[in-house]
Each structure stands twice: as C-alpha cells, then as structure tokens.
C-alpha cells in the first residue's frame, strides 16, 4: 500500500454534523453510553417502581454483583438521575430513588420496554424470515 493511500485512509475529517441533533453537542452519546451498559436500564426500571434500599435493588436485579450495583448507582447519582439518601442508623441504611430527571427517563425506558414486548414476536418472525432468505444453498457434489 502506498504512503498516499495510508494518509488518505487514516485522515480524519471534520466532525460530523448530520447526526440526530445536527451537531455533536446534543448529549446523545453520553445518554447512549449510560443506557448502553448492562445494568443501568434495569436499575432505572426497578427504581421507577419506587424507593429501594440497596439490598432490595440487588435482589430485584438477577445477576448483578454488589460491586456493579455500587458502580451503577454511583454513576446514576453523578448524572443526576438517582438520589441516594443515607440515614445515620446502626447499621447504616441507604435508599435510592429517581430524581425528576430520572423519572422522565424512566418513562421513556418503560415506553421502550412496552414497545419491545408488543413487537418481540414480529421481530422474531422477521429474523427467522431473514435467516431463511440468507441461507446459502448447499453445493451439489460434482
């Protein structure tokens, strides 16, 4: 490969301005990064049902470790989506609740969950149809 080709293929152009917002400053990447992790949506869905203590969240979300729940709730608190309240009791009690911004996100997440339930059979059928159409015919022996 020539040096010119390498330069062209590794060249970085100007920032894209055709995204959903028309520029890169609308915050969609941050939101998708947060929602795209494995546990955030599950924590938000559980907290949309009401205030939960740490252990209640841990029991309600199968497979989440204590460490991952701690990291996820800290990130959600940092983003202003969840409020953490610690009570000065022995042993200490901590509960989590959605903030108003978190509740507005939960409405959209729950709408997406409703949509996915309503369309999961149609999507499974579409995948099966696609897979059947994409099958490569077996070569006949010569």
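The values are calculated or read from the model by the stated rules, or taken from the named source; none is laboratory data. Bear in mind the structure is a predicted one, so any value in this text is a computation, not a measurement. Here Cβ is always computed from backbone atoms with ideal geometry, including for glycine, and neighbour counts include all displayed protein chains.
Data for the structure
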| quantity | calculated |
| --- | --- |
| Matching entry among 51, 94, 43 (being closer than 22 Å to residue 114 by Cβ, in contact with a strand residue (DSSP E or B) (Cβ under 9 Å, 6 or more places away or on another chain) and modelled with pLDDT of 85 or more) | 43 |
| Residue list for segment 60-69, restricted to those being touching a residue at least 12 places away in the same chain (Cβ under 8 Å) and either part of a helix (DSSP H, G or I) or out of contact with any helix residue (DSSP H, G or I) (no Cβ under 6 Å at 6 or more places or on another chain) (or both) | 60, 64, 68, 69 |
| Verdict on residue 57 being touching a strand residue (DSSP E or B) at 6+ places or on another chain (Cβ under 8 Å) and either in a helix (DSSP H, G or I) or over 17 Å from residue 37 (Cβ atoms) (or both) | yes |
| Residue match in segment 72-87 (condition: in a loop (DSSP other than H, G, I, E, B) and in contact with a strand residue (DSSP E or B) (Cβ under 6 Å, 6 or more places away or on another chain)) | no |
